[in-house]
Structure formats: C-alpha cells, structure tokens
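The values are calculated or read from the model by the stated rules, or taken from the named source; none is laboratory data. Computed from a prediction, not measured in an experiment: that's the story for all the values here. When we count neighbours, we look across all protein chains shown, and the Cβ atoms used for this are built from the backbone with ideal geometry, even at glycine. With ligands, DNA and RNA removed, areas are computed over all heavy atoms of the protein, side chains included. Shrake-Rupley method; radii C 1.70, N 1.55, O 1.52, S 1.80 Å.
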Amino acid sequence: MSNWKTLLLRIGEKGPEYGTSSDFKDHIETCFGVIRREIERSGDQVSPYLLQCAEQLPHKIPLYGTLIGLLNLENEDFVRKIVESVQANFQVALDSGNCNSIRILLRFMTSLLCSKVIQPASLIVVFETLLSSAATTVDEEKGNPSWQAQADFYVICILSSLPWGGAELAEQVPDEIERVLVGIQAYLSIRKNSSSSGLNFFLKGESENSPSEKDFVEDLWDRTQSLASNGWKLDSVPRPHLSFEAQLVAGKFHELRPIKCMEPPSPPSDHSRENIGKQKHDALMRYPQRIRRLNIFPANKTEDVQPIDRFVVEEYLLDVLLYLNGCRKECASYMANLPVPFRYEYLMAETLFSQILLLPQPPFKTLYYTLVIMDLCKVANKEQRALPGAFPAVVAGAVRALFEKISDLDMESRTRLILWFSHHLSNFQFIWPWEEWSYVLDLPKWAPKRVFVQEVLQREVRLSYWDKIKQSIENASALEELLPAKAAPAYRYSLEEGKEKTEEHQLSAELNRKVKEKQSARDMMSWIEETIYPVHGFEVTLTVVVQTLLEIGSKSFTHMVTVLERYGQVFGKLCPDNDKQVMLLSQVSAYWKNNAQMTAVAMDRMMGYRLVSNQAIVRWVFSPENVDQFHMSDQTWEILGNALNKTYNRISDLRKDISNITKNVLVAEKASANARAELEAAESKLSLVEGEPVLGENPGKMKRLKSTVEKTGEAEVSLRESLEAKEALLNRALSETEALLLLLFQSFSAVLKERLPEPAKARSLEDLKSEDENSSAMEVDTENGNPKKRSEIGDREQWCLSTVGYLTAFTRQYANEIWPHMEKLKLEVFSGEDVHPLFLQAIFSALQIPLQ
Amino acid sequence: MASLFKEQAKLSAYRDRRFSGTQEEFEEALRTSSTVYIGNVSFYTTEEQIYELFSRAGEIKKIIMGLDKNTKTPCGFCFVLFYSREDTEDAVKYVSGTILDDRPIRVDFDWGFQEGRQWGRGRSGGQVRDEYRTDYDPDILSVVILFCLDGGYGKLVQKELEAQRQLVDYGTGSLGGSYPAPAPSNYERRGGPRGGGGYGQGGSNRHGRGGDFHRKRQRDDDRYGRDNSRRNSDHETRRDSDHDMRPEKNPRFRESGDSDDDGEDDRKRS
C-alpha cells in the first residue's frame, strides 16, 4: 500500500507509520504534509480513500475532520468536492434506508463543522429536516405512527452526532441548536414509548415493568441533556481541531444543500391490531435498534464515566464490530485501543454480551462475537496498556452475572449464551471453575441453572469428547452426573456371548447381510414386505429396520448420510404418512438415546431427504414423553429449531433463486427484443441482390439475425419456464409452511392449556414465578452448607415458563414468515375460545403486536 | 463490511495444483464456492466434532474427511460443504485460526470437492498442504489462557498446545459416497495399525461408535496416564510429534514435485 494511504489509515495509532509519537497533533501534521502533496499528484484517488477511512473507522472521525479542515485552508476546491460527495452519499443513504451510512455521515458532517468546513446553519437545516420528518411520521393524522422506528432512528442520529460537535454548535449557533433540542423534546412528547417486553433480555419483575421505563431514545435524550448541562464536555471524543484553531478559523465554509427524507408508507387502510403490528414489524426490521443495554455488572465494578461517554464508547465498539468484521487482527486491536482516556473493559464486555444476546437477532452470528471475545482475551494479555490483563476476568465475571440471572434470561438468548460459552471454553482448554457451580446438583432437575450447566457440558462434549470434559470438571466431580451419557448407540440386536438370540436378532442379521451384499433398496423393500411385515407387523418391522440401518450408519456422520442416501427409500416406503413418520422418529430417538447430537443430526438429515416431514417432527416433539422433558433439556427444542430452520432455509433459497432468475429473465427479454428489432430493421431495408432491389439485407446477415432471434427467444422461454417452476415450488413451500405453523401453534396451545393455571390465576408469567414460592420451596436440600436456594421454582411452573419462553423465541425468530399467514392463524388458532391468554400474550409480545 | 483491510488479504494462500483452469478461474471458483478446506486438524477429530463446530456457521451439506492414502486414516484435513455461500464465508472468517481439539485449525475457501481429493497427497500418504501453516499471525494462533480460577485478577495460564498422535483406522470401514467404492466387508472396522487395549475388538456389534469411543478413551489414557496434573504437564507440541513419528514426511521437501506426481496418481486411480 502506498505511503499516503497507510498514513491515512493508521492515523492516531501507535505504530511504525508515525514513529514514536502518539500525539494526535503530530499525526495530523505529518499526514497533512503528505496528503497535500499527494492531492497534487493523484488528487482523484485521495478523496474516495479518505471518505472510506472516515466511514469505516468512525472512531477516528475527529482526526479526519481536522485533516480536511487543514486541507480546506489550501485547497478549497478539493474540500468542496469532498463535502459534495459526503452530501451525495448521505442522500443516497437516506433514500435507501442505509442506517449505518446515515448515522456515520451525519456524525462526519458534524465533525466537519468543528474544523470550519461546513456552515453551522446548514447543518442545523439538516437536523431540522430530519426532525420534522420524524414529527410528521408519528403524527396520527398526517403520518403513520406505526413507522415510528424510522422517526426514532432519525432523532437518534441527530442526538448521537451531538457529542462530536455540541460544543461548537452551542458556541456558534446557540439559538438554533436550542431550537433543535426543543424540537426533539417536543417529538419525545408525541411519540410512544417503545420499550417492548418482547425484546427484553430478562423476564422482568413487576416493579421493573412499569410503563415509565425509558426506551432507547428517551435514554439517549437524558444522556444528551446531561451532556448539555455539562457544557457539552465529554472525555470520549477527541477534539484535535482545538490544537489547530488559530489556523482553522481562516477556512471558508461550504454549504450543505437541503436533503430529502424517506417518506414512510401510508398507514394500513383498516386499523386492525394485526395490520398495525405488521407495519411496526417491517419498520423495526428496516431500522433495528443497535443495542439493548445489558446491565450485568454491579455499579461499583463498572467504569465511572459520564452517561454520554458510555454511549459514545458503545458506538465505537459497535462500529468496529460492524466495519472490521472479517479483519480479525484489526478488529481486536481497535476494540482494545479506542481513543478514550479511561478504562472500559466492563463496558466492552457488556456491549459484546448485549450483542450475543440481542433480540430479535444481532447483526452477526454468535460465532463472530465468540471469535472477538477470544481474541480480546489474548490481546488483553499482549497489550497490557490498553486492557490491563483483566479482560478474561471480566468475561468470567459476565458469565457469573448472567448465570445468576439465568432463570430470567430469554430462551433464545440463553441458547446463544450456551453456544458461546461452550465454544469459548473449547478454545481455552475447557478451563472453568466449575466447583463454584457444583451446588446446582442439589437443585431440582428443571432448575434453570442446573439445566444451563448440563447443556453447556453437552455442547462441550460435542466439541470435544466425553473423557476430556469429564477431566475438565474434576474439581467438581459431582457435576459428572450432568454430563451426557457416553455417546454409544443403543443397538438392540448386538450378538453378545451368552445372550439369547431372538427372531428379531436374526432378521437384523439378515438385513445387515443384505446391505453388505449391496442389495438394492427396492429388493430390500420387497424382502421386508414379503417376509417381515406380514409375520411380525409394523412395529417390529420398523424397529428392526431402523435399528439395523442406523447401526450400519452409526460410525460417523458420513456413514449415516450414505446409508440414508442408499436405503432412505426403505424408510420412505415403510412410513409414507405423518403418523408412521412420528413412529420412525421415536425409533431414531430410541437408537440414539445416548447421543443428543446424533439424534438431532439424524432427524435433520431425514427431513432433508424428505423421509420425514417437518410436521412429523413437530408432532414427535410434542409427543407426551418429550413434552414432559421440555423444561429439563434442550434436546427436543434443538430438533424443533432445526426443523423450522431447515424449512425456512429452503424457502429463502427458493426466494433467492427466483430473484436471480427474474433478473436473468429481464436481461434475456432485452436481448431477445433487441434481436427482434435488429431483424425487423434489417428486413425492412432494401438491398440489391444481383442488381435487383430486394426487401431485406444480404442473406448471410439475415440468416444470422434470424438465428439470433431464435436463440434469444429460446433462452427467454426456458428462463421463464424455470421461473415458473421455482414459483410453483415456492408456493408449495409456503402452503406447507402455513400447515406447519398451524400445527406448531396448535401444539403449543394445547400443551400449555393443559398445564397453565386457570387464566384467572395467572394473568402474567410473573404470577407463575411468585405462585410457586409457597407450593414447592420445600423440596430443597440444605445440607453441606451449599448456597441455599431461596425459593426454587416448582416443576409445573418451570415447565410453563420454559415452554412459553420457547414459544416466544420461535415466534420472534420466524416473525417474518408468520406474518403472511396471520389471517389464517388468527382464524384457526389465536381466536379460539379456549385459548389461554398467556399463550396469546406470548405470541403478541413476540410479534410486538400491542396488547389492546 | 470492511473493505479497508481486505485488499491485503488474499483469497487463499494456496494454489491447488490439481485445479486445471487458469489463475483467474481458480480465484473465481474460490469466490463462488460453498466448500471450505480445513487444515491442521487433529488426526483424532471426528466428523461429529467438525459438524458441531461448523454448523455454527450454517447448515452443513456434507463433510469429507481427508484420509491418508496408504493407511486410510484421517490425516489432518477435511472438506465441509455448506448450502449457502454466506455461511461459507462466515466459516472462513470466524473459525479459521480457532481451536478444535487442542489445535488451531485453518479454514480456507476451496474450489470444490471432487472425488479423489479426500486422499492425502504427500508421498507418505498424508497431506502436503501442511507447509503453509506458517503464514498465520502467530499471535493470533498462540494459545493463551484464560480465566482466573481463584477469582483474582489477571492470573493467566499459558499453556502450549499438546496432542499426541496415534493412527486410527478410518477409511477401510467407510461406506461409499465420496469415499472409495465399498467392499462387501464394508461396515466392519478392520484392525488398523494402532496398538492398544480394546481397540477393534468390539466385534460386530459395536464396530461403529464403539470404535470412536475406545479410540477416545485410549487417547485420553495415553495423554494423561502418566501425569494426572493436566495443567502442569509439559507436553510436546503436536507438530513435533507429527514429525517424530514420520520424519520422512517433512512436507517442506515436497513443495513442487511430489504433489504433482501424486496428482497424476490420483487421476489414474479415479
């Protein structure tokens, strides 16, 4: 990379580029010296790269802003073009709803104001345009209040750029900025509080659930007010322009032209709760909330910083995560070396965990945050300066804090926490002070803490192997009881010495022999139909076939896949309908009862080969023996989740295909139309053949044109055909989804109705938690001085909480697929008379439909 | 998405000699492929472990273990096929350089699995590709530990990676699919070149998972048998033991000639 680029990229960093100096002033001067010359040499390249740096390393915006301010003193024209590009990009971002660009560019413009590049009044106009759009949107008559997410987002953008230039605005245009702030306050009074229970990490106690709880916008407003009352002074945003103030005042302002905000869609014609909810959902998908604060550390542990500084550091961290995703080293290094004068490792841990647990979903897979946390644990060790070696301990503290609150943690978040934790430990030799938690063994089997430990161990074993994990918990050997069974299959027909050989043993051996002889699936099927089925009946036949074939494929994932590929039809023929497929699944689960992973994988593959339907899986999950385990193990939930996920993935694949083919159809249409036009033009031309005027160009060319018309026409037709085929597949998939969702919600509704207390006794989930204090606090053993449990929750109550928790989690996760089927679901499931109100409450909160 | 640092990153440091097209076609294949090549895998790592780890990146279509072409045992690499390109990219971005079974594995885009590529191409049957492990940032790969066990701050334990190797029979028992055509005795696990108690004696009933099982226990016994204090034990690094066991297989000697020859062999075979 050329020198000037490296200087721009690395400005403000300690490293070879800037020698020993860590002073921002030196950096800016050095960089300025090089860049001013470079502009003359290759001016066109400088500005796009500079903008790219500012957009993708937003924590350095003040440095880039100051640099541009200095350039403005010498090369107004260059800076004018930069301002124009920023503005053009900003408008594009507004038009396309690109949240990150809108937010960062507005911050960048604010910073350019500090270095006297942008006219303050014209920035105020931008703020006011955004604000007025926001106010209109939430207006009942003129706007569309269900699109409040966009309005909130615009206001958040204004507020979140004030830390970068509040002081300058207050100094240069005090009345105008005051007017903006008053406008924001007015906006806050007409918008609705959006703290919705459907996206909270924790199930809240009643005291916390009061309507006065502040949502993100209100909270940011409070922080901004306290910043304003502190004279706009804060620690987290460097102000390098101050060192150059004497020069910068000579700069010539550039004006921003007016901008145009995106208009929200018109409100739904009928004001049903569902339609409003649907629009609200769409708006939230478009303008998702970046962070939900996770206050897990006690106040005395966290860094003592101003409220606004906390916000700014969160912004820095989230932006590094966003823009440096995929650049491992840089990401960890920027996270650990933010330009702030205080320590922030607790804040960093809270921010990272808030992303892992974020609902409905974080911007990236858990895997990414896992990697970042691992790297930070290592960086922390290497770069004592930034994070004095404490990050691993802070992470451990976060785990302990979350563990304490695990019974209130949302089920989806909890699952992600388990996946993260097991994966994290697998990268650090599975070292964890398990003895701290060995007391969970004294808790009932359904106690959330106990289930958490059990599920973490389960995942650890999957990532490693049983003996290794057993070894890792030797300090808390009692926890061995929570280890999964050793992974061996439960094969019924093993031929052990001295054990009786039944007829089934012989059938199994025979079947085994046929596989080894590579008999075709068809031959095997007719043998089964002729010899086993008539004599032994369906159940024995199924048992023998499932046990034997799974045993043959038991050696590895690939072995299983191969058996299913080769002999899957045997299952298919034997179990053509849902009823029989449910029995098939029970058999699979019996064979792999000691291995949760293989059970899940086998069922997943069988669904993949369409040997079992997704509906059969739902029915199996809700079969009585599984229902009883809902609160004691994640296993069946994992399987249900896989089935939903697979269904959803296939639909997404089809949609992607369709959108690609549609694009190709357009291209083909154009090509074919062009070819036809060319042919027609040629046909209408007169040309001379052997001295005679003839209609049409020379025969060679005509022939070529005709063949092109034919070819392009055929291509178009064949694309259209494949589009139709895909669309038919998608329609089928969508109607299957509808049936699946109906079954899923009916099943949840039925099991919940059976076990939830009467509606009159349980108006909210919190009622469940409090009720048990009397009923089941007794069954706790209090020996050995283990930490005493206050009031452990009862069997049935925990069952209800877990099941409702998963209902919420699945509904929220697949909200996008659920909305199109809402009418039908409402008609057939949600509006039934005997539907439990808590069931509906869970669904509505997951879908963010307002409750009456 | 970060593009500032991307230009420095290569799609893959490795150019497979068996790829028949041009460099451009090779890069295009890497850009669109939904297959990853995973290297530096422990010889003991099972498909199920790979499945558990990589399914966190996305839905897995297929796993193909790389096998020593002589012993038909896993020899430290494998392919994972995903359904979606996005998941493939995430696997490369987020799993490469992390630990699986005590080893930092590397994950690269692969131009696409073809029959024959499951065999190690080293002269001795193992994998040649091992040599380019060094272009990783050693800081990222070094394993530094972790949590203060006593609740105090900053007490970090650093520990070297360790692993021992013992060959494990794998391939002869595998079913067809992407593996070689199965012989009739397909599902029987044959005795392999490893010694040790109980292995391969599972008989007809427990040849499958039972095998893994013994294998794992045996490995564990070997590792911890002499020294129960895990945290203090001083183990050889795995790479060293690789070389100790098969000194003739130093991959660095084979960069140019051998792999091509081996490629020829493989083509003839298939």
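Brief remarks on what is shown
- Region A:1-27, subset at pLDDT 85 or above and in a loop (DSSP other than H, G, I, E, B), residue farthest from A:Lys60 (Cα to Cα): A:Asp23
Listed here are the residues, each with its yes/no results for (1) within 14 Å of chain B (Cβ to nearest Cβ); (2) modelled with pLDDT of 90 or more; (3) under 24 Å from the mean Cα position of the chain (by Cα).
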{"site": "A:Arg286", "(1), (2), (3)": "no, yes, yes"}
{"site": "A:Arg290", "(1), (2), (3)": "no, yes, yes"}
{"site": "A:Arg293", "(1), (2), (3)": "no, no, yes"}
{"site": "A:Leu317", "(1), (2), (3)": "no, yes, yes"}
{"site": "A:Tyr346", "(1), (2), (3)": "yes, yes, yes"}
{"site": "A:Asn381", "(1), (2), (3)": "yes, no, no"}
{"site": "A:Ala396", "(1), (2), (3)": "yes, yes, yes"}
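- Number of residues in region B:45-100 that are among the acidic types (Asp, Glu) and farther than 24 Å from A:Ala602 by Cα: the value is 4.
- Taken together, the residues in region A:615-655 that are in contact with a Phe, Trp or Tyr (Cβ under 9 Å, 6 or more places away or on another chain), surrounded by fewer than 20 Cβ atoms within 10 Å (Cβ to Cβ) and hydroxyl-bearing (Ser, Thr, Tyr) amount to 1.
- Where A:Glu565 falls short, out of the listed (1) within 14 Å of chain B (Cβ to nearest Cβ); (2) surrounded by 21 or more Cβ atoms within 10 Å (Cβ to Cβ); (3) under 37 Å from the mean Cα position of the chain (by Cα); (4) assigned to a helix (DSSP H, G or I): (2)
- Cβ-Cβ contacts under 9 Å between residues 6 or more apart (or on different chains), taken from a first residue in region A:241-261 that is surrounded by fewer than 16 Cβ atoms within 10 Å (Cβ to Cβ) and β-branched (Val, Ile, Thr) to a second residue that is at pLDDT 95 or above and assigned to a loop (DSSP other than H, G, I, E, B), are listed as A:Val249/A:Lys116.
- Scoring B:Thr46 on the criteria (1) within 11 Å of chain A (Cβ to nearest Cβ); (2) at positive phi leaves a single failure, condition (2).
- Residue in region A:547-556 that is more than 10 Å from chain B (Cβ to nearest Cβ), open to solvent by less than 60 Å² (accessible area, probe 1.4 Å), over 42 Å from the mean Cα position of the chain (by Cα) and within 20 Å of A:Gln587 (Cα to Cα) present: no
- Pairs linking a residue in region A:140-160 that is without any contact (Cβ under 8 Å) to a residue 12 or more places away in the chain to a residue that is in a helix (DSSP H, G or I) and open to solvent by 10 Å² or more (accessible area, probe 1.4 Å), with Cβ atoms under 6 Å and 6 or more positions apart or on different chains, are A:Lys142/A:Thr136.
- Any hit, region A:137-147, residues being in a helix (DSSP H, G or I) and surrounded by fewer than 23 Cβ atoms within 10 Å (Cβ to Cβ): yes
- Condition check for A:Thr502 on (1) away from every other protein chain (no Cβ under 13 Å); (2) farther than 30 Å from B:Phe43 by Cα; (3) open to solvent by less than 30 Å² (accessible area, probe 1.4 Å): one failure, at (3).
- Evaluation of A:Gly326 against (1) touching a residue at least 60 places away in the same chain (Cβ under 8 Å); (2) on the phi > 0 side of the Ramachandran plot (one fails), failing number: (1)
- Some residue of region A:573-586 being within 14 Å of chain B (Cβ to nearest Cβ) and in contact with a helix residue (DSSP H, G or I) (Cβ under 9 Å, 6 or more places away or on another chain): no
- One residue from A:Thr737, A:Thr708, A:Thr712 being in contact with a His (Cβ under 8 Å, 6 or more places away or on another chain) and assigned to a helix (DSSP H, G or I): A:Thr737
For every residue, the table says whether it meets (1) buried (at least 18 other Cβ atoms within 10 Å of the Cβ); (2) at pLDDT 55 or above; (3) within 13 Å of chain A (Cβ to nearest Cβ); (4) over 22 Å from A:Arg459 (Cα atoms).
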site: B:Thr71; (1), (2), (3), (4): yes, yes, no, yes
site: B:Asp87; (1), (2), (3), (4): yes, yes, yes, no
site: B:Asp102; (1), (2), (3), (4): yes, yes, yes, no
site: B:Glu115; (1), (2), (3), (4): no, yes, no, yes
site: B:Gly152; (1), (2), (3), (4): no, no, yes, yes
site: B:Val157; (1), (2), (3), (4): no, no, yes, yes
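- Enumeration of residues in region A:668-688 that are surrounded by fewer than 12 Cβ atoms within 10 Å (Cβ to Cβ), farther than 29 Å from A:Ser722 by Cβ and among the aliphatic types (A, V, I, L, M): A:Ala681, A:Leu686, A:Leu688
- Every residue from region A:53-94 that is of a type outside the set (S, T, N, Q), away from chain B (no Cβ under 14 Å) and within 34 Å of the chain's Cα centre (by Cα): A:Ile61, A:Pro62, A:Leu63, A:Gly65, A:Val86, A:Ala88, A:Phe90, A:Val92, A:Ala93, A:Leu94
- At least 1 residues being more than 29 Å from A:Ile190 (Cβ to Cβ) is the threshold, and among the helices (runs of 4 or more DSSP H) wholly inside region A:205-317 those reaching it are A:245-248.
- Residue ID - nearest to A:Lys25 (Cα to Cα), chosen from residues in region A:65-83 that are surrounded by fewer than 21 Cβ atoms within 10 Å (Cβ to Cβ) and without any contact (Cβ under 8 Å) to a residue 40 or more places away in the chain: A:Glu74
- Here the condition is being at pLDDT 95 or above, open to solvent by 10 Å² or more (accessible area, probe 1.4 Å) and part of a helix (DSSP H, G or I); of A:Leu367, A:Leu322, it holds for A:Leu322 alone.
- None of A:Ala602, A:Ala590 is within 13 Å of another protein chain (Cβ to nearest Cβ), assigned to a helix (DSSP H, G or I) and of a type in the set (A, V, I, L, M, F, W, C) except A:Ala602.
- Hits in region A:671-698 - residues which are touching a residue at least 12 places away in the same chain (Cβ under 8 Å), among the charged types (D, E, K, R) and either over 27 Å from A:Glu716 (Cβ atoms) or assigned to a helix (DSSP H, G or I) (or both): A:Arg676, A:Glu678, A:Glu683
- In region A:444-472, residue nearest to A:Ser413 (Cα to Cα) [restricted to those that are away from chain B (no Cβ under 12 Å) and open to solvent by less than 10 Å² (accessible area, probe 1.4 Å)]: A:Phe452
- Meets criteria (more than 24 Å from A:Asn816 (Cα to Cα), free of Cβ contacts under 8 Å to residues at least 60 places away in the same chain and not in a helix (DSSP H, G or I)) for A:Gln629: yes
- Listed conditions (1) outside any strand (DSSP E or B); (2) more than 7 Å from chain A (Cβ to nearest Cβ); (3) of a type in the set (Phe, Trp, Tyr) are all met by B:Phe77, apart from (1).
- The single residue among A:Ser161, A:Ser269, A:Ser226, A:Ser189 that is in contact with a helix residue (DSSP H, G or I) (Cβ under 6 Å, 6 or more places away or on another chain), loosely packed, with under 14 Cβ neighbours inside 10 Å and farther than 22 Å from A:Ser354 by Cα turns out to be A:Ser226.
- Taking region A:805-852 as the range and being at negative phi and part of a loop (DSSP other than H, G, I, E, B) as the test, the residues that pass are A:Tyr814, A:Ser831, A:Gly832, A:Glu833, A:Asp834, A:Val835, A:His836, A:Ile849, A:Pro850, A:Leu851.
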